[in-house]
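Comments concern the structure below.
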Amino acid sequence: MAAMDEPMTSQQIADAAGLKERYVREWLGAMVTGTIVNTDPNSEKFVIPKHRQKELVSTRKNQAGLARGLTSLYRLQDDVMDCFRKEGPSGIPHSKYEYHYRWLASFKKNDYDDTKMRALIGQVSGLEKVLGAGIHVCDVGCNTGYHVGMLAKVFPTSQFIGVDISESAIAEAQKNNQSVNTTFETQDAYNLSSDWSDKFFYVYVSKVIHDLAYSEKALVEIYRILKPGGFLSLVEVNAHSKPNENLSIPNAQAHYVFSLCHCVPSALNYPGGNALGSCWGREAATSMLKDIGFDCVEVFEIPNQPEEIHISAQKPQGI
């Protein structure tokens with residue numbers, strides 16, 4: 001509908017989309033009463049106002065993308081309800097989230113362009129300079145490698161390694177990224193390569209830690225592979241650790257729903273999983289990093305990304 005310059009009838013919309021008119025007409029009823037689509041009661045024609053089109057059809061992250069993510073989780077509604085019951089299962093296995101993970105891969109791909117990544121990197125003192133000179137970088141939980149590939153093109157003298165536990169995601173990353181300064185490996189964040197101690201000057205982790213069953217164990221591993229003086233960037237949901245402090249946070253309620261349906265049950269499926277949840281918050285995150293031994297822990301707002309924060313931390317020199 002966004003490609004239609006003029007209002008159209010339900011039949012015209014159905015014909016343009018190759019759909020059945022009666023179903024389209026009922027869907028339009030939902031869209032009109034949800035104040036997404038406008039209608040002219042006299043002509044019975046429908047249109048998406050231009051000021052709403054960006055949120056609904058943009059190729060970058062938007063409300064439409066978020067809605068598709070929620071839809072991907074509705075398939076597991078009964079499984080989530082079973083987990084609520086005292087006699088029910090403790091969690092839900094990752095194998096049941098295949099459809100959701102496909103959506104997540106496409107959603108994360110649109111997280112940042114190179115301008116926004118540069119802005120994030122610029123928040124870490126001196127990082128852009130050393131990236132230009134050449135350092136080793138690791139993206140833990142890289143998914144299909146979009147961020148690694150983008151950074152590798154911007155900083156061709158640095159070496160980038162992306163790791164993920166998903167073999168299919170790594171295969172896709174290897175297919176999509178052919179740069180000579182990129183490598184992708186299937187690895188467990190809890191047990192990264194033993195010969196990686198003090199290897200990386202920079203480790204990047206985007207919205208992964210809150211999903212893990214043993215988050216602190218993964219952060220300890222990340223601490224191990226960082227060089228003394230090296231930096232960690234955690235991109236996490238912009239939230240505080242107490243729900244009442246998140247009332248003004250953009251889409252906080254949606255993040256809690258995502259967490260309830262995915263982050264918490266997937267973590268609790270493992271014995272002793274700590275299930276931080278997506279809104280574990282900046283206070284809990286900074287406290288955990290400091291307890292592990294990180295210095296210079298800072299929280300930054302990310303330009304044009306109001307739903308996320310950048311938590312930067314440094315491994316002390318001389319460790």
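The values are calculated or read from the model by the stated rules, or taken from the named source; none is laboratory data. Since the model is a prediction, treat every value here as computed from it, not as a measurement. So basically every Cβ, Gly included, is an ideal-geometry build from the backbone, and we count neighbours across all protein chains shown. With ligands, DNA and RNA removed, areas are computed over all heavy atoms of the protein, side chains included. Shrake-Rupley method; radii C 1.70, N 1.55, O 1.52, S 1.80 Å.
Here are the numbers for this structure:
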| item | result |
| --- | --- |
| In order through region 293-300: 3J(HN,Hα) via Karplus (6.51 cos²θ - 1.76 cosθ + 1.60), integer Hz, x for Gly, Pro | x, 5, 10, 6, 6, 10, 10, 10 |
| Correct choice for mean projected area of the Cα convex hull in nm² that was computed from the model, options (i) 24.5; (ii) 17.8; (iii) 19.1 | (iii) |
| Sulfur and carbon atoms: percent of accessible area, the chain [1.4 Å] | 54 percent |
| Within the chain: Cβ-based charge dipole about Cα centre, in debye rounded to nearest 20 (Lys, Arg +1; Asp, Glu -1) | 280 debye |
| Prolate/oblate/rounded label for region 233-302 (Cα gyration tensor, a/c 1.5) | oblate |
| Highest to lowest packing among 298-311, 75-88, 18-31, scored as the average C-beta count within 10 Å | 298-311, 18-31, 75-88 |
| Considering only the chain, percent of DSSP beta bridges that pair antiparallel, nearest 5 | 45 percent |
| Peptides ranked, highest mean first, by Cβ atoms within 10 Å: ranges 283-290, 264-271 | 264-271, 283-290 |
| Rounded if a/c under 1.5, otherwise prolate or oblate - region 189-285, Cα gyration tensor axes | oblate |
| Zone residues, region 125-166, relative to C296, backbone N less than 17 Å from point 7 Å out along Cα-to-Cβ | 125-138 |
| Added length on full extension, which subtracts the Cα-Cα distance from 0.36 nm per residue, R68 to S193 | 41.4 nm |
| Relative contact order %, the chain, counting alpha carbon pairs below 8 Å whose residues are six or more apart | 14 percent |
| Cross-link pairs K153/K290; K96/K290; K96/K227; K129/K199 - those with Cα-Cα distance over 27 Å | K153/K290; K96/K290; K96/K227 |
| R224 versus T157: modelled label distance in nm, points set 7 Å from Cα along the beta carbon direction | 3.2 nm |
| Gain upon complete extension [K217, S95; 0.36 nm per residue less C-alpha separation] | 41.7 nm |
| Two-site FRET efficiency, Y23 against R102, from Cβ-Cβ distance with R₀ of 22 Å, rounded to 0.05 | 0.35 |
| In range of the label at F84: residues from region 264-302 whose backbone nitrogen is under 16 Å from the point 7 Å along Cα→Cβ | 264-265 |
| Helical segments meeting 30 Å axial Cα length and Kyte-Doolittle 1.6 threshold in the chain (DSSP H) | none |
